Amino acid sequence: MNDGASARPSTRPQARAALLAMVALVVFIATALWTQWVRQDLDWVQATLSLYLHGPWGLALRCAYGALALAIMLLAYALHVDSRSPRRSGAAPGLFWAGALGLLGVAIGDSWLPQRAPLLAPLVHGLAANTAFLCVSVAMLLQSWYLRADPRWSRWAGLAWAWAWLCFVLLWLHVLWRGPPRGAGQKLVIAVLVLWLLAVAVRQWRTTREAGVATPG
């Protein structure tokens, strides 16, 4: 009984972090989709998501960027603390947090820099956005590699690994191949990335919940 009772407090913070990450990811997805619907002044195929940060509903989308950054930080914490993989290290959560800070840089910088420092704003936006994309995509690959050695993720780690590679390849195709519409290409990368985060957050929440209610024998 003591072992079962002690398991619950140890997994509760990770479960809550994963649950909050899921909620924050849903908030971001809903807000991003809503802005695509209501902003008739922009062509969703050609316009990148960053263009929606200004104008009607721009503040809501910038807040949603903050929610996405929070989700990444919480998920990184939950995965790292709860990991049973021998490959576990601080590299993946560090990259996740760096990417989240990049997202916050985009959200905060686009709030006031375009008016106060119009020449500096594009540089800050580009640096912050590139940091977010690169750090999170590499962190996804590292985290998937860690999960492949975690026995609780044996059924899911292979899919997470392949999905992370898909996101990484799509990101570099978007950067290097200028043929497809820029808006649609960027949004495809963001969709694949965010859906990976949501799927992993759901699985992490279920894993910690199952561990929390487990009893000996």
*Starting from the stretch 182-194, keep only residues that are closer than 23 Å to ALA76 by Cα, then list their pairs with residues that are open to solvent by 30 Å² or more (accessible area, probe 1.4 Å) and assigned to a helix (DSSP H, G or I) whose Cβ atoms are within a distance under 7 Å, requiring at least 6 positions of separation or different chains.*
LEU188/LEU170; VAL189/LEU170; VAL189/HIS174; VAL192/LEU166; VAL192/LEU170; VAL194/ILE29
*Quick one: in the stretch 43-81, which of the residues that are assigned to a helix (DSSP H, G or I) and of a type in the set (Phe, Trp, Tyr) is most open to solvent (accessible area, probe 1.4 Å)?*
TYR77
*Quick one: PHE168 ticks every box in (1) closer than 20 Å to ALA92 by Cβ; (2) at pLDDT below 95; (3) out of contact with any Phe, Trp or Tyr (no Cβ under 9 Å at 6 or more places or on another chain) bar one, so which box is it?*
(2)
*asked:* Quick check on the stretch 129-158: of everything there that is touching a residue at least 40 places away in the same chain (Cβ under 8 Å) and among the β-branched types (Val, Ile, Thr), which residue is surrounded by the fewest Cβ atoms within 10 Å (Cβ to Cβ)?
replied: VAL138
_Can you say whether LEU123 is modelled with pLDDT under 95, open to solvent by 10 Å² or more (accessible area, probe 1.4 Å) and not in a helix (DSSP H, G or I), as far as the supplied structure shows?_
no
*Hey, among TRP161, TRP177, which residue is within 23 Å of SER83 (Cα to Cα) and either open to solvent by 50 Å² or more (accessible area, probe 1.4 Å) or over 19 Å from the mean Cα position of the chain (by Cα) (or both)?*
TRP161
*Qualifying position, being open to solvent by less than 20 Å² (accessible area, probe 1.4 Å) and among the hydroxyl-bearing types (Ser, Thr, Tyr), among SER85, SER89*: SER85
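The values are calculated or read from the model by the stated rules, or taken from the named source; none is laboratory data. These figures come from a predicted structure and were not determined experimentally. Positions of Cβ are backbone-derived with ideal geometry, glycine not excepted, and every protein chain shown enters the neighbour counts. Keep in mind that these areas ignore ligands, DNA and RNA; they rest on the heavy atoms of the full protein, side chains included. Shrake-Rupley method; radii C 1.70, N 1.55, O 1.52, S 1.80 Å.
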